[in-house]
Amino acid sequence: MIIAHRGAPSYARENTMDSFTRAIALGADMIEFDVRRTKDQALIVHHDELVQGKPVRDLTYDEISKMTTGQGFSIPTFEEVLKHTSGKMKLDVEIKEEGYEKEIVELLLKYFKKDQFVMTSFYDSCIRKVKDDYPDIKTGLILGTSKPKSFILTRLSEFFPHKRCLEAKADFLVPHWRLLWFGFLDRAKRENRPVFVWTVNDEKKIWKMLQDERVDGIITDRADLAISLKRKMDSRT
């Protein structure tokens, strides 16, 4: 699958309605985006922890809207994105924080069937919470945190995530492409665990992964390039 990372950021600002509209038009298989919660409990689609230097959790949605409108863009609510994409696209929803997993899933189920979306997170506890409450929903453990508390222990748990997957009940793995060493893909295949790789933007890497049966999904900022390469590969078979 070609998974459009935060929409189509090459054409429009990431995690905006314009970006998602463009990803749909390009023909991606799935859109990946991030969900956070504001001070007044609004679920919004936004990657960064901060908006203009202030934590999202300390701002109301109206305050955030005023701040971003002045910069020429709008941060959509989670429900707005669901309404816009329902019936048009499958979703890869990343939970950025712990504590409101159930709210996210319940809203998703208003607009999507269980097989039309997946839930992912860097937090094992988020994945476990979703699986405990909704065992039929597919979840993925994201690997490749940029600032690990313990570099060696964290990286070992990412290169060899079998135990973490079992404890979190994760259905698939979402490693950064730099983690694909030391037999990572072979181990995942032996365990019958699908792999979505992020964020792959280099043309040679995309082409190589498209031909690798151990890779089930490519998360990319360049969905247009990946789709073009996939069509080229399909035409040769």
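The values are calculated or read from the model by the stated rules, or taken from the named source; none is laboratory data. All values reported here derive from a predicted model rather than from experimental measurement. No Cβ is skipped: glycine too gets one built from the backbone with ideal geometry, and neighbour counts run over all protein chains shown.
Listed values, structure above:
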{"read-out": "Residue among Phe20, Phe73, Phe78, Phe33 that is touching a residue at least 24 places away in the same chain (Cβ under 8 Å) and in contact with a Leu (Cβ under 6 Å, 6 or more places away or on another chain)", "value": "Phe78"}
{"read-out": "Residues satisfying the stated conditions in the stretch 167-215, i.e. among the small types (Gly, Ala, Ser) and buried (at least 18 other Cβ atoms within 10 Å of the Cβ)", "value": "Ala168, Ala170, Ala188"}
{"read-out": "Residue that is over 22 Å from Asp48 (Cα atoms) and β-branched (Val, Ile, Thr), where the choices are Ile95, Ile137, Ile142, Ile104", "value": "Ile137"}
{"read-out": "Criterion violated by Pro76 - all others in (1) out of contact with any Lys or Arg (no Cβ under 8 Å at 6 or more places or on another chain); (2) over 21 Å from Glu106 (Cβ atoms) satisfied", "value": "(2)"}
{"read-out": "Any chance Lys205 is out of contact with any Phe, Trp or Tyr (no Cβ under 9 Å at 6 or more places or on another chain) and at pLDDT 95 or above", "value": "no"}
{"read-out": "Matching residues in the stretch 60-80 - criterion: being of a type in the set (S, T, N, Q) and either touching a Gly at 6+ places or on another chain (Cβ under 6 Å) or assigned to a helix (DSSP H, G or I) (or both)", "value": "Ser65, Thr68, Thr69"}
{"read-out": "In the stretch 211-237, the residues that are at pLDDT below 95 and of a type in the set (S, T, N, Q)", "value": "Ser235, Thr237"}
{"read-out": "Selected residue (criterion: surrounded by the most Cβ atoms within 10 Å (Cβ to Cβ)) from residues of the stretch 120-148 that are farther than 16 Å from Leu166 by Cβ and among the β-branched types (Val, Ile, Thr)", "value": "Thr120"}
{"read-out": "Some residue of the stretch 127-136 being assigned by TED's automatic domain parsing to the domain that holds Gly183, hydrophobic (A, V, I, L, M, F, W, C) and touching a Cys at 6+ places or on another chain (Cβ under 7 Å)", "value": "no"}
{"read-out": "Test result for Ile95, in contact with a strand residue (DSSP E or B) (Cβ under 6 Å, 6 or more places away or on another chain) and touching a residue at least 60 places away in the same chain (Cβ under 8 Å)", "value": "yes"}
{"read-out": "Selection count, the stretch 81-105, where residues are out of contact with any Asp or Glu (no Cβ under 8 Å at 6 or more places or on another chain) and in a helix (DSSP H, G or I)", "value": "7"}
{"read-out": "Residue in the stretch 6-36 that is farthest from the chain's Cα centre (by Cα), counting only those that are surrounded by 20 or more Cβ atoms within 10 Å (Cβ to Cβ), on the phi < 0 side of the Ramachandran plot and basic (Lys, Arg)", "value": "Arg22"}
{"read-out": "Subset tally (residues that are crowded, with 17+ Cβ neighbours inside 10 Å, part of a helix (DSSP H, G or I) and either at positive phi or of a type in the set (A, V, I, L, M) (or both)) for the stretch 108-119", "value": "1"}
{"read-out": "Selection within the stretch 44-62 - crowded, with 17+ Cβ neighbours inside 10 Å and not β-branched (Val, Ile, Thr)", "value": "His46, Leu59, Tyr61"}
